[in-house]
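Single-structure report; data block below.
The values are calculated or read from the model by the stated rules, or taken from the named source; none is laboratory data. In this text, all values refer to a predicted model and were calculated from it rather than measured experimentally. Because the Cβ atoms are built from the backbone with ideal geometry, glycine has one as well, and the counts that use them run over all protein chains shown. The area values use the complete protein model at the heavy-atom level, side chains included, leaving out ligands, DNA and RNA. Shrake-Rupley method; radii C 1.70, N 1.55, O 1.52, S 1.80 Å.
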Amino acid sequence: MTAPWTAAVLRDAIARGELTPARAAADALDRARAAKAGREELNILLYQDDHDTRRQADAVADRVADGGRVPLAGVPVVVKDNIATTVMPTSCGSRILEGYVSPYQATAVRRLRDAGAVIVAKSNMDEFAMGSSTEHSAYGPARNPLAPDRVPGGSSGGSAAAVAAGIVPIALGSETGGSVRQPAAFCGVVGVKPTYGRVSRYGLVAFASSLDQIGVFGGTVDDAALGLHAIAGLDPRDATSAAEPVPDYRAAAAGAMTGVVIGKPKEYFPEDLDPRIRERCDAALDALRRLGAEVRDVSLPHTRLAIEVYYIIAPAEASSNLARFDGVRYGLRIEGDGLRGMYEATRSRGFGDEVTRRILLGTYVLSAGYYDAYYRKAQQARALIARDFADAFRSGVHVLFTPTTPTPAFPIGAKSDPYDMYLSDIFTCTANLAGVPAMSLPIGRVDGLPIGGQFIASHFDERQMFAAAYALERALGSEAHR
Ligand code: GLN
């Protein structure tokens, strides 16, 4: 059900004058309004500004007419609500930032616009990107357009669903532990988490700074490649962004699989993995083998520590990052007894339960007496997880292949135990802990629900990951959506 055009087809039609950016934008807004599942509201988009969208589109039309190089000319794009835009609010799915409009825009947004993309909406998300279902938004849960009684995944569920519902071919999300790849898998679209440092975090509201990275959704591998190419590269405004050259990811489309070694890590295919997911993964690996790739069994032994390590480091950093929402500097303020009372009232009412839980957990693991036992230990284990990946790639493996998630999209309300929810990231949070790039693409369905396969590559080797994804997407054809 993805967008009627890929980004490249749309851009070329606009370049040839067969379609105007204004028409393309208006069509996307119409699709956004029509995106319902039966009579059910999907609640995947939080903000739209039709007037500004029109203005952006007209400006792009002028640039195209002037013969400028506009790689995403007129391509409508949706942006997650924790990425700063100057026209629509940036509320992070939270009450505490309700109505907050940023005075500056994120580098990724500016680059998309420089490339000619038109931002049409901000998307729903789990509050402050904490979650795996987009049920924990202060603005209500989002629904999966393919199965409206189910979650779209999270925390970037709104962006994934906007692509799956065919509203836009490209959307921005953010990743801390799987928040682009997991919803991509649940919604049957492509989702990319770049290498840490590949994309500027300037203007991305911080959750856990050593793990956070802006990521891209695409209806196809090519859409995702175009989107990533537009936003990647060094940014003087983010000291952690890398000076690595940005290759043309689309050139990877022609890459042959002959001689490519694909690692199959045994920890990602546990005994109790759903046999139907295993079967889909095996079929994908068979297809890659037929294209000339070698599939090699490998082990990433510290994978078993990942969830525990992630849920110490991410809340620790979150507790520090979210201290800035104090009723003084941003958004909501609720008066209380003195300054302390105001902090307490504002933060208790402004933050939802999951965010509060993370702040408590993070403050605890960082407090004197527990720091060594939890936070320092977790950092040491994180280094071991990163070393597993380095060892695998040093042994001659070019790219790893795994399932993206242990289950397909679950029903809304099904996971009431937070730990149960945390386990959704079991195959994804390792890449964030190690800083390596990873992506999910559709590899088939189970009970009619999409299943994602994940490629993980070495630092800054997104090109290799895209080469494998282009090849697999081509080989599977319509099987990927059946
Ligand atoms: N689900 C994970 C969490 O709740 C990951 C979130 C993310 O990647 N932003 O922290």
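Please list 383-390, 75-82 highest first by mean number of surrounding beta-carbon atoms within 10 Å per residue.
75-82, 383-390
Limiting things to C-alpha atoms, what are the Rg and the maximum Cα-Cα separation (Dmax) for segment 437-482, in angstroms?
Both quantities, over Cα of segment 437-482: 11.4, 36 Å.
Which Cα, out of G396, G435, P418, lies furthest along the positive dipole direction of segment 338-450 (beta carbon charges, K/R +1, D/E -1)?
About the Cα centre, the residue reaching furthest to the positive side is G435.
So, how do all the Cα-to-Cα distances of segment 243-361 break down into 5 Å bins, in percent, from 0 on up?
Going from the shortest bin to the longest, the percentages are 2, 9, 11, 11, 9, 9, 10, 9, 9, 8, 6, 4, 2, 1.
Taking amide H positions as placed in the peptide plane 1.01 Å from N, state which residues far from G263 in sequence (5 or more) or on other chains have amide H under 5 Å from it.
R296, H398, V399, L400, F401
In whole Å, what is the distance between the alpha-carbon centres of segment 105-139 and segment 367-418?
24 Å
What pairs from K193/K377; K122/K193; K193/K415; K122/K377 go past 28 Å between their alpha carbons?
Pairs exceeding the cut-off: K122/K377.
Rounded to whole Hz and in sequence order, give me ³J(HN,Hα) for segment 174-189 from the Karplus expression 6.51 cos²θ - 1.76 cosθ + 1.60, θ = phi - 60°, writing x for Gly and Pro.
In residue order, the calculated couplings are 9, 10, 10, x, x, 5, 9, 5, 5, x, 4, 4, 5, 9, x, 10 Hz.
Given all pairs of different Cα atoms, what value in angstroms does the Kirkwood hydrodynamic radius of segment 220-272 take?
Computed over Cα pairs of segment 220-272, the Kirkwood hydrodynamic radius comes out at 14.4 Å.
For D62 and V87, compute 0.36 nm times the residue count separating them, minus their Cα-Cα distance, and round to one decimal in nm.
6.9 nm
Running Debye on segment 82-184 with equal point scatterers at the Cα sites and no solvent, what base-10 log of I(q)/I(0) appears at q = 0.13, 0.17, 0.21 Å⁻¹?
Values returned for q = 0.13, 0.17, 0.21 Å⁻¹ are -0.42, -0.73, -1.09.
Along segment 72-89, what does the Karplus equation 6.51 cos²θ - 1.76 cosθ + 1.60 (θ = phi - 60°) give for ³J(HN,Hα), rounded to whole Hz, x for Gly and Pro?
10, 3, x, 7, x, 9, 10, 10, 4, 6, 10, 10, 5, 10, 8, 9, 7, x
For a quick protection proxy, order the peptides 41-53, 463-475 by their average other-Cβ count within 10 Å, most packed first.
Answer by packing, highest mean first, reads 463-475, 41-53.
Give, in nm to one decimal, the length gained when the segment between A390 and L339 is fully stretched (0.36 nm per residue of separation minus the Cα-Cα distance).
13.5 nm
Which is farthest toward the positive dipole end of segment 112-237 among P183, Q213, S155, measuring Cα position about the Cα centre, with Cβ charges +1 (Lys, Arg) and -1 (Asp, Glu)?
My answer, from the dipole projection, is Q213.
Reported to two decimal places, what Rg/Rh ratio describes segment 1-98 when computed on Cα atoms with Rh from the Kirkwood expression?
Across segment 1-98, the Cα-based Rg/Rh ratio is 1.01.
Where does each of 247-258, 317-328 land if you order them by average Cβ count within 10 Å, highest first?
317-328, 247-258
Using +1 on the beta carbon of Lys and Arg, -1 on that of Asp and Glu, and nothing else charged, what's the dipole of the chain about the Cα centre, debye to 20?
With Lys and Arg at +1 and Asp and Glu at -1, about 440 debye.
Residue by residue through segment 201-211, which ³J(HN,Hα) values in whole Hz follow from phi under the Karplus form 6.51 cos²θ - 1.76 cosθ + 1.60 (θ = phi - 60°), with glycine and proline marked x?
Running phi through 6.51 cos²θ - 1.76 cosθ + 1.60 with θ = phi - 60° gives 9, 4, x, 8, 5, 5, 10, 10, 4, 7, 10 Hz.
Using the Kirkwood formula on the Cα atoms of segment 404-482, what hydrodynamic radius do you get, in angstrom to one decimal?
14.0 Å
Run lengths n ≥ 4 of DSSP H only: what is the helix-derived mean residue ellipticity at 222 nm for the chain, with -39500 (n - 2.57) per run over all residues, to the nearest 500?
For the chain, the value works out to -11500 deg cm²/dmol.
Magnitude of the Cβ-charge dipole of segment 278-382, K/R +1 and D/E -1, about the Cα centre, nearest 20 debye?
160 debye
Which residue, chosen from Y310, M257, Y268, occupies the Cα position most advanced towards the positive end of the dipole of segment 244-374, where the dipole is computed from +1 (Lys, Arg) and -1 (Asp, Glu) charges on Cβ about the Cα centre?
M257
Segment 331-450: Rg/Rh from Cα coordinates, Kirkwood Rh?
My calculation puts Rg/Rh at 1.09.
Cα centroid distance between segment 248-293 and segment 210-225, in Å?
Here the two parts' Cα centres lie 19 Å apart.
How large is the convex hull of the Cα atoms of segment 290-351 per residue, expressed in Å³ as a whole number?
In segment 290-351, the Cα hull volume divided by residue count equals 159 Å³.
Let's see if you can work this out: charge +1 on each Lys and Arg Cβ, -1 on each Asp and Glu Cβ, no other charges. What is the dipole magnitude of segment 1-60 about its Cα centre, in debye to the nearest 20?
With Lys and Arg at +1 and Asp and Glu at -1, about 120 debye.
When a/c is below 1.5 the answer is rounded, else prolate if a/b is larger than b/c, else oblate, so apply that to segment 171-220 with a ≥ b ≥ c taken from the square roots of the Cα gyration tensor eigenvalues.
Here segment 171-220 falls in the prolate category.
Rank these residues by their accessible area, most exposed first, probe 1.4 Å: E175, E335.
Highest to lowest solvent-accessible surface, that is E335, E175.
Classify segment 121-227 from the C-alpha gyration tensor, please: rounded if a/c falls under 1.5, else prolate or oblate depending on whether a/b exceeds b/c.
oblate
Given that compact globular proteins tend to follow 2.2 N^0.38 Å, what is the ratio of the alpha-carbon Rg of the chain to that value?
In units of the 2.2 N^0.38 Å rule of thumb, it is 0.92.
Under a point spin-label approximation (7 Å from Cα along Cα-to-Cβ), what is the D353-R482 distance to one decimal in nm?
Going by the 7 Å Cα→Cβ label model, 4.3 nm.
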